[in-house]
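Chemist: Before I ask anything, let me first share the structure, which is written out below as structure tokens.
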Amino acid sequence: MASIGVNYKTVSAEVASTSTSFAEVAETDALTNGKTYYVVAHGLVEGSSNSDVFEWRLVDRTNSDAVLSNSTQIREPTQADKTQGYHFVGKFTAGSGGGGLAFEQKSASGETVRTQYLSLMLLDIDNLSADDYFYNNNTSDTALTDSFQSFATVTKSSLTASDKWLVFGWQATATDDVSHNTEMKLYCSDPSGTEDEPLISFEGEDLTEVLGFTICRAYTMTGAGATWTIKSRMDSALPADANNHLESTLFGIRLSAFENSTFSYTSALQATTATSWQQLARQTLTPDSTGDVIAVTCAVFDGDSTNRKSFARTQVDGSSVPNTQPDTEYQCNTNDFSELLPIGGITKYSGSASTLATVDFDAKKESGASYGWQNTTLALFTTEIAVTNTNQVYTAVASQTYNSGDVAGQTYSSGDVASEVQPT
């Protein structure tokens with residue numbers, strides 16, 4: 001049975017360095033020359049100073065250590081020694097140099113830079129039909145205005161009713177203004193209407209920062225065509241030197257193409273005064289086949305004040321996957337009361353045939369004030385691709401009569417029907 005390939009690397013304990021040159025944190029398994037890999041990366045990273053910038057990036061060892069386009073996140077931490085998210089979505093074609101895709105970090109001035117957690121997933125989707133995924137990338141270095149501009153965009157002119165799609169949106173933004181927020185949203189339109197969410201809003205801390213953020217959402221289609229677009233703007237009157245869109249990516253996967261899949265999406269704000277773990281979403285899945293199940297989560301944290309933080313984790317049957325680092329490391333930390341920041345990520349677990357698993361997407365905050373999370377997606381899909389061929393019956397009409405004694409030892413009358421059933 002056909003499946004997609006998964007090359008998955010995680011970090012389950014702190015990796016620290018003080019080098020002012022890039023130092024490797026982790027590297028995937030070796031890649032195949034000439035094969036294209038789709039990348040979804042999520043990390044929890046920090047620096048020991050809130051007045052210096054730190055850098056993290058993805059490097060292709062197979063192509064002479066080429067840095068994946070705009071994968072370099074440059075950030076001044078909101079608070080020292082408090083983790084915030086690293087995000088990237090993209091693709092690349094492996095070269096002949098050997099090795100894998102590496103995650104690296106750097107300190108600008110010898111302070112300590114750390115990666116506390118990494119979930120780096122490379123998908124080989126060669127076995128999917130071209131109708132079962134889409135990808136678009138926009139690399140225009142464009143100053144933002146106070147109106148939404150369209151960047152990466154994809155139109156699917158024909159979609160099957162009730163089909164399920166999972167869509168990732170990512171944008172890298174250069175910080176030229178630290179007094180106003182940048183807004184980014186995943187916009188979808190079809191004949192039944194438009195969807196303007198999820199939407200995030202973020203403010204930079206340093207004029208040298210390059211911030212990358214990923215949002216995602218799962219959809220059930222109406223059967224007509226649809227268009228997805230990354231849209232971005234400055235959130236208020238245009239500053240003298242606006243932030244710049246550097247690059248954006250849309251990556252969509254038809255969940256219905258897989259043997260088993262399920263998802264949920266909740267738009268409404270889930271506010272609470274509790275400081276314990278809150279279940280944002282729960283899904284169950286019983287795979288038909290034993291193998292990897294990919295879990296994707298996304299929500300938008302509305303902290304409603306500065307220096308408010310959110311945890312987030314994925315649990316399978318009550319155990320955190322791929323490890324417990326997200327249980328104790330922050331996903332985000334607000335610079336501004338109006339920020340709306342993404343949490344969640346991508347992971348996988350081993351699914352057993354005919355065995356139900358319960359998957360939870362949980363979040364936690366530290367303040368007893370009433371605030372929380374919105375635009376929540378939890379999506380699960382097996383790596384096994386659904387079988388679309390069914391048993392086929394072939395029929396043909398015999399057009400010649402053979403008599404006993406001829407070379408053919410069986411007699412057919414003209415007009416008889418020969419039938420054959422393709423075996424399973």
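The values are calculated or read from the model by the stated rules, or taken from the named source; none is laboratory data. For clarity, every value in this text was computed on a predicted model and none was experimentally measured. With ideal geometry, Cβ positions are generated from the backbone for all residues, glycine too; neighbour counts draw on all protein chains shown. Ligands, DNA and RNA are excluded from the accessible area calculation, which covers all protein heavy atoms including side chains. Shrake-Rupley method; radii C 1.70, N 1.55, O 1.52, S 1.80 Å.
Chemist: Let me have the relative contact order for the range 116-236, percent, based on Cα pairs under 8 Å that are six or more residues apart.
Modeler: Working: 226 pairs, mean separation 46.5, N = 121.
So the answer I get is 38 percent.
Chemist: I'd like to check one number: the per residue accessible area of the chain, probe 1.4 Å, reported in Å² as a whole number.
Modeler: Heavy-atom accessible area per residue stands at 39 Å².
Chemist: Based on alpha-carbon atoms only, what is the radius of gyration of the range 165-224 relative to the globular estimate 2.2 N^0.38 Å?
Modeler: Relative to the rule-of-thumb radius for its length, the range 165-224 sits at 1.39.
Chemist: Then there's this: Where does the Debye-calculated log10 I(q)/I(0) of the range 247-349 sit at q = 0.10, 0.16, 0.20 Å⁻¹, using only Cα point scatterers of equal weight, no solvent?
Modeler: The computed values of log10 I(q)/I(0) come out as -0.35, -0.85, -1.22.
Chemist: Take Glu366, Glu205 and sort them by solvent-accessible surface of the protein heavy atoms, 1.4 Å probe, largest at the top. Write out the running numbers ahead of the final one.
Modeler: Values: Glu366 100, Glu205 65 Å².
Ranking Glu366, Glu205 by accessible area, largest first, yields Glu366, Glu205.
Chemist: Another question, if that's okay. Compute the Cα gyration tensor for the range 108-243, then decide on rounded, prolate or oblate, letting a ≥ b ≥ c be the square roots of its eigenvalues: rounded whenever a/c is under 1.5, prolate when a/b is larger than b/c in the other cases, and oblate in all that remain.
Modeler: Numbers: a/c = 2.62, a/b = 1.48, b/c = 1.78.
Because a/c hits 1.5 or more and a/b fails to exceed b/c, the range 108-243 counts as oblate.
Chemist: For the range 131-262, with only Lys/Arg (+1) and Asp/Glu (-1) charged at the beta-carbon, what is the dipole magnitude about the Cα centre, in debye rounded to 20? Before the final figure, lay out each step's value.
Modeler: Working: 7 positive and 20 negative charges, 133 e Å.
Charge dipole of the range 131-262: 640 debye, to the nearest 20.
Chemist: Normalise the Debye intensity by I(0) for the range 230-270, one equal point scatterer per Cα, no solvent, then take log10 at q = 0.25 Å⁻¹ and round to two decimals.
Modeler: After summing over all Cα pairs, the log10 values are -0.97.
Chemist: On a straight-distance basis, which aspartates and glutamates could pair with Lys35 in a cross-link, Cα separation under 20 angstrom, same-chain partners fewer than 8 positions away excluded?
Modeler: Glu27, Asp60, Asp65, Asp124, Asp126, Asp131, Asp132, Glu384
Chemist: Computed on alpha carbon atoms, what radius of gyration and Dmax characterise the range 235-299, expressed in Å?
Modeler: Calculated on Cα positions, Rg and Dmax stand at 18.9, 57 Å.
Chemist: Report the Rg/Rh value for the range 18-91, based on alpha-carbon coordinates and the Kirkwood definition of Rh.
Modeler: My calculation of the ratio gives 1.00.
Chemist: Round to the nearest 10 and report in Å² the accessible area of Tyr187, as given by a 1.4 Å probe over the protein chains' heavy atoms.
Modeler: 50 Å²
Chemist: Another question, then. As an exercise, take the mean of 1/r over every pair of distinct alpha carbons in the range 98-139, invert it, and state the Kirkwood radius in angstroms.
Modeler: Hydrodynamic radius (Kirkwood, Cα only) of the range 98-139 equals 14.7 Å.
Chemist: In addition: Under a point-charge model restricted to the Cβ atoms of Lys and Arg (+1) and Asp and Glu (-1), what is the dipole moment magnitude of the chain relative to its Cα centre, in debye to the nearest 20?
Modeler: Using Cβ point charges on Lys, Arg, Asp and Glu, the chain gives about 600 debye.
Chemist: Right, here's the next one. Quick one: if you take sqrt(5λ) for each eigenvalue of the C-alpha gyration tensor of the chain, what semi-axes come out, biggest first, whole angstrom? Present the calculation step by step, with values, prior to reporting the outcome.
Modeler: Numbers: eigenvalues 418, 109, 97 Å².
For the chain, the ellipsoid semi-axes come out as 46, 23, 22 Å.
Chemist: Tell me the Kirkwood hydrodynamic radius of the range 1-47 in angstroms, computed as one over the mean inverse distance between distinct C-alpha pairs.
Modeler: Over the range 1-47, the inverse of the mean reciprocal pair distance is 13.8 Å.
Chemist: Near Lys309, which lysines are there with a Cα under 22 Å away, not counting those fewer than 8 places off in the same chain?
Modeler: Lys82, Lys185, Lys364, Lys365
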